[in-house]
Structures are given as structure tokens and as C-alpha cells.
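These notes are about the structure you will find just below.
The values are calculated or read from the model by the stated rules, or taken from the named source; none is laboratory data. Just so you know, these numbers come straight off a predicted model, no measurement behind them. Because the Cβ atoms are built from the backbone with ideal geometry, glycine has one as well, and the counts that use them run over all protein chains shown. With ligands, DNA and RNA removed, areas are computed over all heavy atoms of the protein, side chains included. Shrake-Rupley method; radii C 1.70, N 1.55, O 1.52, S 1.80 Å.
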Amino acid sequence: MSDLKVNLTAPNGRKITLPTGLYINGEFVKATGGQTITSINPTDESEIATVQAASVEDVDKAVAAARAAFNGSEWRDLTNTDRGGLMYKLADLIEAEKETLATLETWDNGKPYQVSLNEDLAEVTGTLRYYAGWADKIHGSTIPTTGAKFAYTLKQPIGVCAQIIPWNYPLAMAAWKLGPALAAGCCVVLKPAEQTPLSILYFAQLIEKAGFPKGVINVVNGYGKEAGHALASHLDVDKIAFTGSTVTGKQIMRTAAVNMKNITLETGGKSPLLVFDDADFEQAAKWAHIGIMSNQGQICTATSRVLVQESIYDKFVEEFKKIVASTSIVGDPFKDDTFQGPQVTKAQYERVLGFVESGKSEGATLAHGGVPYTKVGEGKGYFIEPTVFTDVKSSMTIFREEVFGPFVVLVSFKDEAEAIKLANDTTYGLGSAVFSQNIERAHRVASKIEAGMVWINSSQDSDFRVPFGGVKNSGIGRELGEAGLHSYLQEKAVHVNMGTKL
Ligand code: NAD
């Protein structure tokens, strides 16, 4: 076996040969600085594989490859329809290998295998196919101006795009970023999160198989402070698209100013879910559970603040605790009945437990969980019991800060005005949900919540056809849908004089 490939046997018995290099200019290569990343299985804390980690020099090479591909005729001269065709082919190859990709995702990240396979991989292929369809439907407009003149616009690809993604949905986030960029005709350097470097390497093999010209998509695993920073500060990168923490998002924004890069940021959240006393009570409780506890609570849009009308608050707390106890089955992510796997890393596990201490010390009531879950993995692994706090005040840290774990605060409100005030009492503005059977109230409240997305009588709906993004400290710009495509295009105005004489 070459030193840039490793043979693995996954916990579900699947045999996988995984490339471990950086994918630059159509080849897997060794990192120049000798740095590596060792991926840890969060279920039992064992080492899975060691992969190459990019230095600043490697990032330079990847950007140069993307630039050469962007300027090269092989990519530029493809018809838009053929560009879409390559994307359809890539989606087909992913679908054919979805069990292997889902296995790697679960092994590396800890999310239940059924979620990786049936939700995340479906999201990946769906998103790529959606944007493949857009590739030959991109066009500007014609604008009559004054006299014998008119103008038209050209929609042109922004250029070389750096895409920095997080660990909570490694493949899905890659697809959200690659889909619109490729449809627009951009070339890409993608940097996965250092916590989850594996699935994307398997995916990278499929890029060449699909027939993409060399350098159009480059994948550089690496550390945020080195490889990520090198991308954000690179003078030959035209756009940066980032998903991750608000702190890093702000850092990237400052760094990207060096050559005034176009930026799209999708950062954190502390999303509210409002339950009015006229809601379908059982449905609201079930959705509230899904809204915070799925994906181990590691969702930027997780509805982590559940605000419930005073008159039904006590009853809701009891119902919610019952659902958590019966539905949030913590366990081995490769088991079919597991709802909640381990947190992704020791750091995240400790972070969540730290917030438990914060909640207790500030006077909130720990109503459920809040401790390590030790019934799997012989005490190993980053498992936490789903955690519910009640008697929470808006001044408390657990009401204000993003925990990013299976951790929810239940807060009561008197009336609609107080509900909206509490919902908006946050520096974030990503997701939000309103539960009410009163159609006028539901829409009225939806329009008043400061957030990029509102779910009415639902939670966590995300669809590649619909724009996704935040306001306030939750980000800039939109991904997905037509808006996501346009964030990789720039509009050039061409003014035409049809005969106006001086
Ligand atoms: P992070 O923001 O540090 O990392 C996200 C990505 O940014 C990774 O690929 C990382 O390598 C890269 N990065 C880090 N520092 C960088 C820099 N200076 N320049 C360029 N790139 C850089 O997030 P994290 O440390 O993995 O998680 C911390 C917190 O972020 C979590 O607890 C959670 O609150 C939040 N988070 C949010 C999302 C989301 O989807 N919005 C996803 C993951 C984490």
C-alpha cells in the first residue's frame, strides 16, 4: 500500500481503501510541511487514520491549480450543459458509493449511520443535481436605457473560490458549497474541518472519475489557523465561503479584506422555537425535540431556546421530558435504533458539559440529563445524556450562548409581545419556529422574528431549492436555492450605443 492510501475496516465491517493525500490539480499528494491530522473515532476514542495536512505552500499550490483551471480552455470552453453533465455524473458516482461514504461519515463524526445514509447522502446528491440543472439556465437581462441605447448584463463566475467547511455535516456542507460554485463555472479549493477529514477524501476520488478537468476542484485537509488562514488571506482567491463559528467567521471577514474578497458566511445560532397555547400541543413537543436533539444537537439552526406560553408551560415540560426519555436513544451510531451518537470530539463534549455547570451555577434547573452517558463503549466515547434546563432567565449564559450539543433551555412567556421580545433577545438570527393553529398569529410572528428562516409548525426543514442563511451574527449572504447560485456569480453591465451621435 502506498503511503498515500490506507486500507481500513469500519466498525460495520465495510472494507475501505482511503486516499490520505491532499487532492491538488487532480492528484493526491503529500503535504510539503510534513504535517498530518489523525482522525479519532468519537465512539471509542480510537485512531481511525492519519491524513496529510496542508501547509501555506500547499494552499498556494491548490490556489494556483484552481486559477490555472479557471483560466484554462478545458473548463472555460465546456458548454454550460456539459458542465451540468459533469455534476450529474458526480452525483451518480456518489450515489453508487453512498454506503461507503456514509460509513466514513459516521465513523469519523459519530452521527447515526441511518442519518448519514438516508439524510446526508440524499442531501449531497440532491443538491448537486439541483445545481447541475441550473448550469445552463444562467443568464443576464436586457435593460432599455435612454435614446438609442440599451444595456445588457452578463452573469459571470466570480473566479477562484475558497470554501471552508465545518465538521457537523462534512459531505453535505461540501455539496452546499460545491454545487452552486461549479454550476456558476467557478474553480474551488475546499478545506474540510480538521475534526472530520475522511469522507471528503473518498469523495475526492470521484471528482476525476466524473471527468472534471484537473484543478477545478481541489481538496486540502488542514488546520484552520494555518490552511484556513492561508486561504482567507490569499491574494489570488476571489471569494471565500465559510460555515462554522461566529468567532472564526469574523476573523475570516477581517482577513478577507486584504484583497476585498467576496464573502459568504454561515455562522452560529441560538434559534428560538415558540409554542403558543393554541398550538397542536403534541406536535409542537415532538418537533421541539427534533429541532434540538437531532444530529447530537450539532446543528447551526438547532432550536436551542424553546419558548412556551405560560398557561401550557408545566404541561409542556413534562411532555418534552417524556419524549426525550423515550426517543433520544443514545448509543453506538452504527446501530439502527440509535438516535443520538457521541459528540464529535472531546472538546465539544467538554464544552457541552461546561455549559451544564454554567446553567446550574446561574440558578437554572437541570430537568433532564446533563451528565456523560456511560452505557456504551465501556466508558469511552464522547456520549452525553440529552440535557434539558428549565427556570431559565434571558440573562443566563445558557440562554445567550450557542452550546452546539443536545442541550435545550425551556423558557415561559406571557403573551405574543413577550414571546417576540424573548425570541429576538439574541445576537444571532439564523433559524426560528412558531407553533400556533392561529394562521394570522403564525404569519404575524414569523414576520417579526429577526432570523433568516422561520418554520411554521415545523423545525429544521432545509431544502436545496430554498435559500438558507442568517441575519445579525449568524452570517452574511445565502446558500442554496437560486440565491446560492448568484452568490458565485458577478453581474457585468454592457452598455450599447445603437446610434446616439455626439
Ligand atoms: P471553527 O469555526 O473554528 O471551524 C470551522 C472551519 O473553519 C474549520 O474548517 C476550521 O479549520 C476553519 N478555521 C478555523 N480557524 C480558522 C481561521 N482562522 N481562518 C480560516 N479558517 C479557519 O469551528 P469549531 O472550532 O470547529 O467549532 C466551534 C464552534 O463553532 C462550535 O461549538 C459551534 O458553536 C460552532 N460551529 C458552528 C457550525 C455551523 O454550522 N454554523 C459548525 C461547526 C461549529
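Listed values, structure above:
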item	result
Members of region 144-160 found to be touching a residue at least 60 places away in the same chain (Cβ under 8 Å), farther than 24 Å from Thr79 by Cα and open to solvent by 20 Å² or more (accessible area, probe 1.4 Å), listed by number	Thr145, Gly147, Ala148, Lys149, Phe150
Hits in region 239-251 (condition: over 30 Å from Phe399 (Cα atoms) and either within 11 Å of the ligand (Cβ to nearest atom) or under 17 Å from the mean Cα position of the chain (by Cα) (or both))	Ile240
Single unsatisfied condition, Ala53 versus (1) under 26 Å from Asp332 (Cβ atoms); (2) touching a residue at least 24 places away in the same chain (Cβ under 8 Å)	(1)
Tally of residues being within 16 Å of Thr338 (Cβ to Cβ) and open to solvent by 30 Å² or more (accessible area, probe 1.4 Å) across region 381-403	1
Complete set of residues in region 416-443 that are under 21 Å from Gly475 (Cα atoms), not small (Gly, Ala, Ser) and not in a helix (DSSP H, G or I)	Asn424, Asp425, Thr426, Thr427, Tyr428, Leu430
Yes/no for Leu178 being of a type in the set (A, V, I, L, M, F, W, C) and in contact with a strand residue (DSSP E or B) (Cβ under 7 Å, 6 or more places away or on another chain)	yes
Hits in region 312-350 (condition: of a type in the set (A, V, I, L, M) and either in a helix (DSSP H, G or I) or within 16 Å of the ligand (Cβ to nearest atom) (or both))	Ile312, Val317, Ile323, Val324, Ala325, Val344, Ala347
Tally of residues being touching a Leu at 6+ places or on another chain (Cβ under 9 Å), in a loop (DSSP other than H, G, I, E, B) and more than 20 Å from Thr264 (Cα to Cα) across region 444-473	2
Every residue from region 77-89 that is within 14 Å of Tyr131 (Cα to Cα) and either out of contact with any Leu (no Cβ under 6 Å at 6 or more places or on another chain) or open to solvent by 40 Å² or more (accessible area, probe 1.4 Å) (or both)	Asn80, Thr81, Asp82, Arg83, Gly84, Gly85, Leu86, Tyr88, Lys89
Per-region count, region 285-301, residues open to solvent by less than 10 Å² (accessible area, probe 1.4 Å) and either out of contact with any strand residue (DSSP E or B) (no Cβ under 7 Å at 6 or more places or on another chain) or of a type in the set (A, V, I, L, M, F, W, C) (or both)	7
Members of region 351-369 that are closer than 23 Å to Asp44 by Cβ and not in a helix (DSSP H, G or I)	Gly369
Test: residue in region 111-132 that is within 16 Å of the ligand (Cβ to nearest atom) and among the small types (Gly, Ala, Ser)	no
Residues (closer than 19 Å to Lys448 by Cα and out of contact with any Asp or Glu (no Cβ under 6 Å at 6 or more places or on another chain)) located in region 472-502	Lys472, Asn473, Ser474
Selected residue (only one of Phe281, Phe339, Phe276 is within 30 Å of Asp44 (Cα to Cα) and either hydrophobic (A, V, I, L, M, F, W, C) or touching a strand residue (DSSP E or B) at 6+ places or on another chain (Cβ under 6 Å) (or both))	Phe339
Every pair of residues 6+ apart whose Cβ atoms lie under 6 Å, when the first sits in region 229-254 and is of a type in the set (Ser, Thr, Tyr) while the second is modelled with pLDDT of 95 or more and within 7 Å of the ligand (Cβ to nearest atom)	Ser233/Thr255; Thr243/Ile165; Thr243/Pro166; Thr243/Glu266; Thr246/Thr267
Pairs, first farther than 21 Å from Met453 by Cβ and open to solvent by 20 Å² or more (accessible area, probe 1.4 Å) in region 404-432, second in a helix (DSSP H, G or I) and away from the ligand (no atom under 16 Å from the Cβ), C-beta under 7 Å, six or more apart	Ser412/Glu310; Ser412/Tyr313; Lys414/Glu310
Selected residue (criterion: farthest from Gln340 (Cα to Cα)) from residues of region 1-45 that are basic (Lys, Arg) and in a loop (DSSP other than H, G, I, E, B)	Lys30
Selection from region 252-275 of residues that are within 12 Å of the ligand (Cβ to nearest atom), among the β-branched types (Val, Ile, Thr) and in contact with a Ser or Thr (Cβ under 8 Å, 6 or more places away or on another chain)	Thr255, Thr267
Restricting region 302-331 to residues that are among the basic types (Lys, Arg) and more than 19 Å from Trp455 (Cβ to Cβ), the residue that is surrounded by the most Cβ atoms within 10 Å (Cβ to Cβ)	Lys321
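Here is a yes/no grid of residues against (1) touching a residue at least 60 places away in the same chain (Cβ under 8 Å); (2) touching a helix residue (DSSP H, G or I) at 6+ places or on another chain (Cβ under 8 Å):
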site: Val59; (1), (2): yes, yes
site: Phe70; (1), (2): yes, yes
site: Thr81; (1), (2): no, no
site: Thr103; (1), (2): yes, yes
site: Gln114; (1), (2): yes, no
site: Leu121; (1), (2): no, yes
site: Thr127; (1), (2): yes, yes
